[in-house]
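The block underneath contains the structure these notes are about, expressed in structure tokens.
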Amino acid sequence: MQSQRSTQSRLDKIFKPKNVAIIGASVKKDTIGYAVMKNMLDAGFQGNIFPVNLKYSTVLDRHCYHYIGKIAEKIDLAVITTPAHTVPGLVEECGKAGVGGLLIISAGFKEAGEEGQKMYEQILQTARKYDMRIIGPNCLGILNPFLGINASFATRSALKGNIAFISQSGALGTSILDWALDQNVGFSYFVSVGSMIDVSFADLIDYFGMDNNTSSILIYMESLKDARRFMSAARAFARSKPIIILKAGKSKEGGQAAKSHTGSLAGDDAIYDAAFRRAGIIRVDTIAQLFNCAQALAMQPRPRNNRLAIVTNAGGPGVLATDYLIENGGRMAQLSENTMNKLNEILPAHWSHNNPVDVLGDATSEIYRQALEICVRDENVDGILAIFTTQAVSEPAKAAIEVVQVARERKKPMLAVWMGEQDVADAREILEHGKVPHYRYPESAVDVFIRMCQYSQNLKLLYETPSETPHEFVPETEKVKKNNPSRIGSQ
């Protein structure tokens, strides 16, 4: 516990600093030093920002220091953006100046051959000597939207939210920030870890697991150095905060590509798969699944099992959803006799009489709601998928309001597919505000339901304990002694 508090305190210097120094801050707009300095100023950080560069007296109207040791205030976080060969010396300077933590954006170390490896090891030794934690090198940077921190060279900032996102790829991070702004997805923290010279996935899971602004942890992973620590951290927090991983390098070729990118071999994918399940982690295959799962788990309760009921006003999308569910390990809920009788009472004679429940294209929003309510009450149903297509007499927004209402009243996961674009834009906004995850295509929604089910199953593994010794068990001591006399005596 003491060690965890110490780690928390030292990482606070990086993620919750009061004084930040940008080493390599520049007036040249095509440099990383300029981008980081400008991003920090534009983000609204309330602490002090100190540019450090031998070449300038001012940077972006701030007094520029030639050496970090010349700054009177104690620096919590130093961001290093200078060429690789200068970094070991700068880390030493930071240590002597009492800097709390380092963010090394510079590239050209472990991934750059033998000389880079030597500098890499020198940097780590120096940081340990002065008890400084390091994120990076070869990374995009970090963001903490709640404190107005954008210590990165990303072209976009981040909205406030409850997702902590950790990426081993800086370039992927910039794309996700752009996508997230468009999709109104917010973050508690956004961290590009780069080569992970020091601060690891395990450290960050421990840190974000204790953070009040974080409800889920998303990771883009290419390789893993300390599997034991990672597993321990994940198991500790997966019960309370979903940990969702997009693991790259599944193929042999992909693994080699990951090695050239991060300097670490990706490893056997089957081992990762088994380890993730055992640690309660959700594994996904695409970026879209990464955020879809996080959104759904933040908005909806977990399913008890994998039996899905589908309510739709169009047969085709219901069939597509059914196919995807069965092909990927889910089950269609077998509706009870009582449920079927109640549906017969409210639906036209030629409704589907099965799951998927096709209420037909001319169904009113009221009929749609009643069908949802009847299905969600069925004990054989673990989750509901509401599918809606626009037709001449349909009312997408009114139907969305009904879905939100049913979802609020019942403790089963509700997912929605409102197909189309402009005709359903208002309806999607209603679903969003009502905390009902919505998707454009049936397969996307079903995929999320299946992964939510996998998460529930993974958590059951976490809670498993060895079975008790049977009450009537009597050890055959004499038989064992007779067969293995030497071993008994050596115990």
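The values are calculated or read from the model by the stated rules, or taken from the named source; none is laboratory data. Owing to the predicted nature of the structure, the values given are computational and were not obtained by experimental measurement. Quick reminder, even Gly has a Cβ in these numbers, built from the backbone with ideal geometry, and neighbours come from all protein chains shown.
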Take residue 25 and decide whether it is under 19 Å from residue 142 (Cα atoms) and either in contact with a Leu (Cβ under 9 Å, 6 or more places away or on another chain) or aromatic (Phe, Trp, Tyr) (or both).
-> yes
Among the residues of the stretch 400-431 satisfying the criterion of being in contact (Cβ under 8 Å) with a residue 60 or more places away in the chain and in contact with a helix residue (DSSP H, G or I) (Cβ under 9 Å, 6 or more places away or on another chain), which is surrounded by the most Cβ atoms within 10 Å (Cβ to Cβ)?
-> 415
Residue by residue through the stretch 144-172, note down the ones that are over 14 Å from the mean Cα position of the chain (by Cα), crowded, with 23+ Cβ neighbours inside 10 Å and in a strand (DSSP E or B).
-> 144, 149, 150, 151, 152
Among the candidates 13, 18, 74, 55, single out the residue that is over 35 Å from the mean Cα position of the chain (by Cα) and either of a type outside the set (D, E, K, R) or more than 22 Å from residue 108 (Cα to Cα) (or both).
-> 55
For the stretch 53-84, name all the residues that are under 21 Å from residue 143 (Cα atoms) and assigned to a strand (DSSP E or B).
-> 77, 78, 79, 80
In the set 103, 90, the lone residue that is surrounded by 16 or more Cβ atoms within 10 Å (Cβ to Cβ) and either of a type in the set (S, T, N, Q) or outside any strand (DSSP E or B) (or both) is 90
Kindly list, by first and then second residue, each pair from a residue in the stretch 107-125 that is in the same structural domain as residue 24 (by TED's automatic domain parsing) to a residue that is modelled with pLDDT under 85 and among the β-branched types (Val, Ile, Thr), limited to pairs with Cβ atoms under 9 Å and residues at least 6 apart or on different chains.
-> 110/262; 111/262
Scan the stretch 128-143 residue by residue and report those that are touching a strand residue (DSSP E or B) at 6+ places or on another chain (Cβ under 7 Å) and over 26 Å from residue 30 (Cβ atoms).
-> 132, 133, 134
In the stretch 311-325, what residues are of a type in the set (A, V, I, L, M) and either outside the structural domain of residue 368 (by TED's automatic domain parsing) or more than 29 Å from the chain's Cα centre (by Cα) (or both)?
-> 311, 314, 319
Residues of the stretch 423-447 satisfying the condition of being part of a helix (DSSP H, G or I), among the hydrophobic types (A, V, I, L, M, F, W, C) and out of contact with any Pro (no Cβ under 7 Å at 6 or more places or on another chain) = 425, 430, 431, 445, 446
Set 411, 398: member being assigned to a loop (DSSP other than H, G, I, E, B) and basic (Lys, Arg) | 411
In the stretch 7-52, anything among the basic types (Lys, Arg), assigned to a helix (DSSP H, G or I), in contact (Cβ under 8 Å) with a residue 40 or more places away in the chain and surrounded by fewer than 19 Cβ atoms within 10 Å (Cβ to Cβ) is listed as 10
